[in-house]
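Some notes on the structure that comes next.
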Amino acid sequence: MWEFIGLLSMFAIVIFMFMAALSFFKKSGKVKKYLFYAAGCFVLLIAALSIDISDDKETASTKVASEVQNEGNAVKEEKTEEEKAVAEAEAKKKAEEEARKQEEAEAKRKAEEEAAKTPQQKMFEQIMGLIDAKQAFDSGSYIKGDLPPGEYAFISFDGSGKYYAEKDTAGNIIDNENFDSFGYVHVHDVGNIETGGVLISTGAFGTLGVSSAKEIYQVLNNVEDYKQSALYKVGTDIPAGQYVIESYGNGYVAKMSGPVGKSDIIDNENFNGRFMVNVTNGQYLQISNGTIAQ
């Protein structure tokens, strides 16, 4: 607007100066009037220029202020993003530290619980794992196909039964036994099986950290150096050699060629008192109502 007024004032000054010069030559007496008008337009021009310059300065100042503000906002925004990143990093670090502490606490708790377990509890848990893996079978009845053929340790424990039997599909007994404590059976997988104790594949002994049925029985029943009635595997439960068996009441001793279900009697004897027997590796020694004295 003021630029237009200034331009108009300049045009008016030129006109009035021209009119004043023309009046001077014509001597019409209007020179002063035109000069006065020209002077007024000049004042208006000066005013317009001053206001326009002021507006330009204000605009420039506003622009500079805006740029400064924008730069400030950019710096502030950049700082905010940086602070946000730092805060997120700190939060992540704190969360990771908290998770690590929880893991350590959980590991410590489990270690303490494991340390507090008795050998019996640990053995029960390991056997349950073997049952889940189909390498051991709890007391109960089974049909053909439930148990893979092979040799198993029969282990009785507090509250379990002691009877074992395998029958073919016609109901004929292949073999059966009333175990006093522990022993060994051979599963043919030809029919029905009934077991009062737990059956553990001899191939799974390493998983339990043992090498014999006797070791498993001792842990499950909290006994040490067991020498009572059982079906011992020579070279595994006891070393080969000569043994003296003492009876309590009427005792029975049998030297067997294999486990129940895959065995022949090599020698046997009913006795009351003391009986001496020699056994070699691979044989099985059955003792009922007696104990190994020496």
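The values are calculated or read from the model by the stated rules, or taken from the named source; none is laboratory data. Only a predicted model underlies this, so the values are computations on that prediction, with no experimental measurement involved. Methodologically, a virtual Cβ is constructed for each residue, glycine included, from the backbone with ideal geometry; neighbour enumeration extends over all protein chains shown.
Quick notes
- Residue check: Ile53 meets all listed conditions (1) modelled with pLDDT of 70 or more; (2) within 30 Å of Leu8 (Cα to Cα) but one, namely (1).
- From the options Gly197, Gly251, Gly191, residue that is buried (at least 16 other Cβ atoms within 10 Å of the Cβ), in the same structural domain as Asp146 (by TED's automatic domain parsing) and closer than 30 Å to Met276 by Cα: Gly197
- Conditions (1) without any contact (Cβ under 8 Å) to a residue 12 or more places away in the chain; (2) loosely packed, with under 11 Cβ neighbours inside 10 Å: number failed by Gly145: (1)
- Taking segment 172-225 and the strands (runs of 3 or more DSSP E) fully enclosed by it, the elements with 3 or more residues that are over 35 Å from the mean Cα position of the chain (by Cα) and closer than 16 Å to Thr236 by Cβ are at 182-187.
- Remark: pairs (first residue in segment 124-142, farther than 20 Å from Glu194 by Cβ and in the same structural domain as Thr195 (by TED's automatic domain parsing); second residue in a helix (DSSP H, G or I) and of a type in the set (Val, Ile, Thr); Cβ separation under 6 Å; 6+ apart in sequence or on different chains) are absent.
- Test: Ala204 is surrounded by 14 or more Cβ atoms within 10 Å (Cβ to Cβ), in contact (Cβ under 8 Å) with a residue 60 or more places away in the chain and within 23 Å of Asn289 (Cα to Cα): no
- Qualifying positions in segment 226-248 - among the acidic types (Asp, Glu) and either crowded, with 18+ Cβ neighbours inside 10 Å or part of a loop (DSSP other than H, G, I, E, B) (or both): Asp237
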